[in-house]
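See structure below.
The values are calculated or read from the model by the stated rules, or taken from the named source; none is laboratory data. As the structure is a computational prediction, the values presented were derived from the model and not from experiment. Cβ placement follows ideal geometry from the backbone for every residue including glycine, while neighbour counts extend to all protein chains displayed.
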Protein chains: 2
Amino acid sequence: MLVLDQVLENGTEHAELLPATNDNHGGVIVDMEEAMDSEVFVTSLRASISRWRQQEGFWYHHAEPNYLMLVCWISETTSTIPANASHRVSIGAIVLNDKREVLVVQEKSGRFQGTGVWKIPTGTVDEGENIFMAAKREVEEETGIETEFLEILAFRQSHKMFFEKSDLFFICMMRPLSFDIQTQELEIEAAQWMPFEEYAAQPFAQQHELFKYITDICLAKVQGDYTGLSQIPVTSFFNDKLSCLYLNSRDLNNYLASSDQA
Amino acid sequence: MLVLDQVLENGTEHAELLPATNDNHGGVIVDMEEAMDSEVFVTSLRASISRWRQQEGFWYHHAEPNYLMLVCWISETTSTIPANASHRVSIGAIVLNDKREVLVVQEKSGRFQGTGVWKIPTGTVDEGENIFMAAKREVEEETGIETEFLEILAFRQSHKMFFEKSDLFFICMMRPLSFDIQTQELEIEAAQWMPFEEYAAQPFAQQHELFKYITDICLAKVQGDYTGLSQIPVTSFFNDKLSCLYLNSRDLNNYLASSDQA
């Protein structure tokens, strides 16, 4: 912030304006296709900003590895620029086989490193990745086990996690399609199929509220009649691309079947 | 990107290093408490980076309105810096009263501006805000109606929305606690209680897959036995703060009651 702000504050007046087009939010988009000499660029940027700006200044909107977006709301009205991304999304995968064994790992780094705790595979949903696909990918990367996604059993929203951002953690129920474990060397210390009761009896799973709920939900799924949210593809209203809708298919289908008969 | 990168490329050698501490991810954190002359800063930054960097360069990690984070992974191993936030989170609120009327609005801007479409209140979940609270807030801001959150009926994940980020849209079922509508002037053209059948019969609700599902889920909720995910507070495992767990409480409680009796 120091560099750019202080550069901007020493305004100069005579220079070419940068190529800019109006966007849909009442602002301008500067799209520079070619690199420019940095001194010429700075001079042009100063002149352009003097032109665009009234009261407000530019602020950082967001940044990705290869670009930084600065925005400036020129209108008198309240900014309606879409908000920056606010959440990371992660998954935990419960993979249960027919012997009621759960696929568990010990991690080489992170919160559980060196604790001896056996945990379910977890990981971050990549940019542009569907939640159910991330669950399949993480399980396969960490253990070599192929799986089919069944349902999101529950999810947790928490705040002020990494870099003050929020986190959505989706607990996914998976059915294994293969059984021979191949541990990923980089992140995983060990992996195994563990009787579910043994997993649930670990002190950490007993002591922490969230893990206790996960265990109960899992038992309700296996022994009872628990239904989470399964996924169906739907066409996006905004851009005609496929997106994923997660819903309680059992309850919806029961209703649709009964209303067809009525 | 142009400014900072090109500044950095003209390295100088003799200067004070910036005050830096090692972080938990094998990198360094530069925490400057006071503004610095921009030329001195640039010179110091160049010298500091030469010191810190081996092969890799810095890249933009993320930015918020008042700061920009650049990161540089110095170790030989793969970076384990937590990912940047990847998703915006938004809500749609279905508020149904005892007469089976749904609370609907016409918006002054956005996709539905001037279309005459009556839609449910929608909005973005703020930084650090719980999803169920965002649903209450948006309904009250747009229509003045107070509500109680009941359940998340379904949610949709879509990609490449605003600024290439992904979006999670949670469809929330709410019970109204007040009934006199007071329309917010800035964003809302009109608001009313509309018979649910009339809402569902609008062409847009018939033509678009997502809206058709929402209508069916809503009917299944009112006329059938549809259960979504309700929320309970849980203590976070990582930082002892309260976070929100969303789960199928009906199915879990049924299971727990039956296993108590067994």
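Only residues that are surrounded by fewer than 23 Cβ atoms within 10 Å (Cβ to Cβ), at pLDDT 95 or above and either of a type outside the set (S, T, N, Q) or closer than 13 Å to residue B:187 by Cβ (or both) were counted across the stretch B:123-137, and they come to 4. Does residue B:225 satisfy the condition of being at the interface with chain A (Cβ under 7 Å from one of its Cβ atoms), part of a loop (DSSP other than H, G, I, E, B) and in contact with a Phe, Trp or Tyr (Cβ under 8 Å, 6 or more places away or on another chain)? It is true that residue B:225 is at the interface with chain A (Cβ under 7 Å from one of its Cβ atoms), part of a loop (DSSP other than H, G, I, E, B) and in contact with a Phe, Trp or Tyr (Cβ under 8 Å, 6 or more places away or on another chain). Any residue at all in the stretch A:196-213 that is touching a Phe, Trp or Tyr at 6+ places or on another chain (Cβ under 6 Å) and within 8 Å of chain B (Cβ to nearest Cβ)? Looking for residues that are touching a Phe, Trp or Tyr at 6+ places or on another chain (Cβ under 6 Å) and within 8 Å of chain B (Cβ to nearest Cβ), one finds at least one in the stretch A:196-213, hence yes.
Output yes when any residue across the stretch B:153-164 is of a type outside the set (Val, Ile, Thr), more than 8 Å from chain A (Cβ to nearest Cβ) and within 17 Å of residue B:245 (Cα to Cα), and no when none is. Checked against the condition, which is being of a type outside the set (Val, Ile, Thr), more than 8 Å from chain A (Cβ to nearest Cβ) and within 17 Å of residue B:245 (Cα to Cα), the stretch B:153-164 yields no hits at all. Contact annotation: residue pairs with Cβ atoms under 8 Å, 6 or more positions apart or on different chains, pairing a residue in the stretch B:225-241 that is at pLDDT below 80 and of a type in the set (A, V, I, L, M, F, W, C) with a partner that is in a strand (DSSP E or B) and crowded, with 16+ Cβ neighbours inside 10 Å, are B:238/A:158.
Each residue in the stretch A:228-255 was checked for being assigned to a helix (DSSP H, G or I) and loosely packed, with under 15 Cβ neighbours inside 10 Å, and 1 of them qualify. Could we say that residue A:249 is facing chain B (nearest Cβ under 9 Å) and either over 25 Å from the mean Cα position of the chain (by Cα) or within 24 Å of residue A:139 (Cβ to Cβ) (or both) here? Here the answer is no, as residue A:249 does not meet what is asked.
When residues in the stretch B:138-193 are screened for being in a helix (DSSP H, G or I), crowded, with 19+ Cβ neighbours inside 10 Å and within 15 Å of the chain's Cα centre (by Cα), 1 of them pass.
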